Structures are given as structure tokens and as C-alpha cells.
Amino acid sequence: MKRIHVVFLALFVLSATAAFAASTASAFVSLLPETATVEGKLTAPGKLANAEGLQITCSAGSLLKVNLKLNEQFHVHYTGCKGPLNEACESLGDASEVILSLGESHLVFDSLSPLGVGIALLLEPVHIECLGFILVLILVEKSCVLGLVEKINSAVTVNHLVFKETSGKQSEQTYWNSAGKEEKCIMKESKNGGASEEGGIEGNMETTSSAAVEVMG
């Protein structure tokens, strides 16, 4: 089988990174309590896509247990991962059809009117190999992927983090910092080392916390 080499370049440019760090340093979204732990699982298959129609789909995924904070490291373990030809895909050094994703999460405002809360994921590099091609997530600074927090301003033990892509691009790309300034969170890809293009991730992560937690916008 001819090997197709695909490189996904998740690009979060330096100026945007600096603005992101400044906005998340002041906690404009709050959590109560701040002592709970949280873990999660995908409610449906998740996927990584690009505008050319290439996709990697994972049948299941789990968020390993972490302490619930405004800014927190995370570890997601995907299984049953396959490429566009139904071939097995895995992150470098891991078992067949297993992809591990690490990074840092930040709670942000994804809209101001009505007020909404989003979660911005800064992903660590991931090298994913499939039978027919190679797909690599590379970070220039920090790759940014934005999703929505489904339930806010009410104490719940079960919530949902929703990530959507449209035509291979992340559907949610805008958040607002504590000063009300609009910022961008865009995932980029580069095929065969060529010019960077947008990519997208889709999934619904159901989270369960050890105590009822209120995300307050």
C-alpha cells in the first residue's frame, strides 16, 4: 500500500499564546468547589479531520482522573482508532488502535451575550501512525482546540464538553478574555510539510466529578 505522509500542524502563534496566557491568569470563570476530582468518557466516536476529507476516528476515549481546577493538565486515552481506509492508527510507541493525548485545559468565555463558558485545550505533540499514511500533530507553541461546557451556573456531578468540526475545521474558534477582548483559538494542519491549513477535532466528553461542581460564568 502506498504510504501517504500527512502532517497536522497545530499552530497557536506566539502573540496569541501570550494573550491567552494573560487572559487565563486572571480567573474570570470560577469553580465551586475546587477540591473535587473529575474523569470522563466519550459518549460517541471521536474524530480528527482535515478539509480534504481525511479522518481518524476513535470508537472510545477516556479522560483519566484529575483534580478539578480552572487550569489543569489532562490525559485522554483513545481506543479503537482507525484511518480513512479502516486501517489501525496509534500514537508512536503505543498499542494498535490506541492514541494518547496530553495537554492543559483552560476555562474561558466562548460568548458574552448570552454568557457561555468554553474549554480551551492546549495539546502536547502527538505522532500518530496509520497503515497507509502518517499523521503527526506538531505544536509550534501550543496547539489550541476550543469546545463548549454544556452546563454552567448550576451544581452538577455530570457535565459534557462538546467539540465540533465543520468541513475539517474546528467549529468553535473564538473566546473572550477577562477584559472582554476577542481572541482566536485555531487548529492548523500541514500536509507533507506544505502550507498550513485548518483542521478539526470532534467529540462529546461526558465528565463525572466526585462532588457536585458549579462552573460559574
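The rows are residues; the columns are (1) under 21 Å from Val162 (Cα atoms); (2) surrounded by 19 or more Cβ atoms within 10 Å (Cβ to Cβ).
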{"residue": "Ala44", "(1), (2)": "yes, no"}
{"residue": "Cys58", "(1), (2)": "yes, yes"}
{"residue": "Val76", "(1), (2)": "yes, yes"}
{"residue": "Pro84", "(1), (2)": "no, no"}
{"residue": "Glu90", "(1), (2)": "no, yes"}
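Are any residues in the stretch 41-80 in contact (Cβ under 8 Å) with a residue 40 or more places away in the chain and farther than 30 Å from Ala212 by Cβ, and if so, which ones?
Lys47, Leu48, Ala49, Asn50, Ala51, Glu52, Gly53, Leu54, Ile56
Can you spot a residue in the stretch 65-83 that is aliphatic (A, V, I, L, M) and touching a Lys or Arg at 6+ places or on another chain (Cβ under 7 Å)?
Kept after step one, since they are aliphatic (A, V, I, L, M), are these residues of the stretch 65-83: 66, 68, 70, 76.
Still in the list and also touching a Lys or Arg at 6+ places or on another chain (Cβ under 7 Å): none.
Scanning the stretch 65-83 turns up no residue that is aliphatic (A, V, I, L, M) and touching a Lys or Arg at 6+ places or on another chain (Cβ under 7 Å).
Can you tell me which residue is surrounded by the fewest Cβ atoms within 10 Å (Cβ to Cβ) among those in the stretch 148-167 that are touching an Asp or Glu at 6+ places or on another chain (Cβ under 7 Å) and of a type in the set (Gly, Ala, Ser)?
Selected residue: Ser154.
For Cys144, work out the one condition from (1) within 14 Å of the chain's Cα centre (by Cα); (2) without any contact (Cβ under 8 Å) to a residue 24 or more places away in the chain it doesn't fulfil.
Unmet for Cys144, out of (1) within 14 Å of the chain's Cα centre (by Cα); (2) without any contact (Cβ under 8 Å) to a residue 24 or more places away in the chain: (2).
Identify, please: which residue in the stretch 119-136 is farther than 17 Å from Glu97 by Cβ and at pLDDT below 80 and is, among those, nearest to the chain's Cα centre (by Cα)? Reasoning before the result, please.
Step one: filter the stretch 119-136 for residues farther than 17 Å from Glu97 by Cβ, giving 119-125, 136.
Now restrict to residues that are at pLDDT below 80: 125, 136.
On the way: Pro125: 12, Val136: 15 Å.
Among residues in the stretch 119-136 that are farther than 17 Å from Glu97 by Cβ and at pLDDT below 80, the one nearest to the chain's Cα centre (by Cα) is Pro125.
Across the stretch 177-205, which residue is modelled with the highest pLDDT among those that are under 16 Å from Phe163 (Cα atoms) and assigned to a loop (DSSP other than H, G, I, E, B)?
Taking the stretch 177-205 and keeping what is under 16 Å from Phe163 (Cα atoms), we get 184-188, 198-205.
If we keep only those that are assigned to a loop (DSSP other than H, G, I, E, B) as well, we get 185-187.
Numbers: Cys185: 89, Ile186: 83, Met187: 83.
The extreme case among them is Cys185.
Tally time: how many residues in the stretch 72-126 are part of a loop (DSSP other than H, G, I, E, B) and of a type in the set (Asp, Glu)?
First, the residues of the stretch 72-126 that are part of a loop (DSSP other than H, G, I, E, B): 83-87, 92-98, 113-114, 124-125.
With of a type in the set (Asp, Glu) added as a condition, the list becomes 87, 94, 97, 124.
Selection size over the stretch 72-126: 4.
For residues that are charged (D, E, K, R) and touching a helix residue (DSSP H, G or I) at 6+ places or on another chain (Cβ under 9 Å), tally how many sit in the stretch 52-108. Step through it out loud before you land on a result.
From the stretch 52-108, those charged (D, E, K, R) are 52, 65, 69, 72, 82, 87, 90, 94, 97, 104; that's our starting set.
Checking which are touching a helix residue (DSSP H, G or I) at 6+ places or on another chain (Cβ under 9 Å) leaves us with 52.
Residues flagged as charged (D, E, K, R) and touching a helix residue (DSSP H, G or I) at 6+ places or on another chain (Cβ under 9 Å) within the stretch 52-108 amount to 1.
The values are calculated or read from the model by the stated rules, or taken from the named source; none is laboratory data. Here the structure is a predicted model, which means the values were calculated and not measured. All Cβ positions, even for glycine, are placed from backbone atoms using ideal geometry, and neighbour counts span all protein chains on display.
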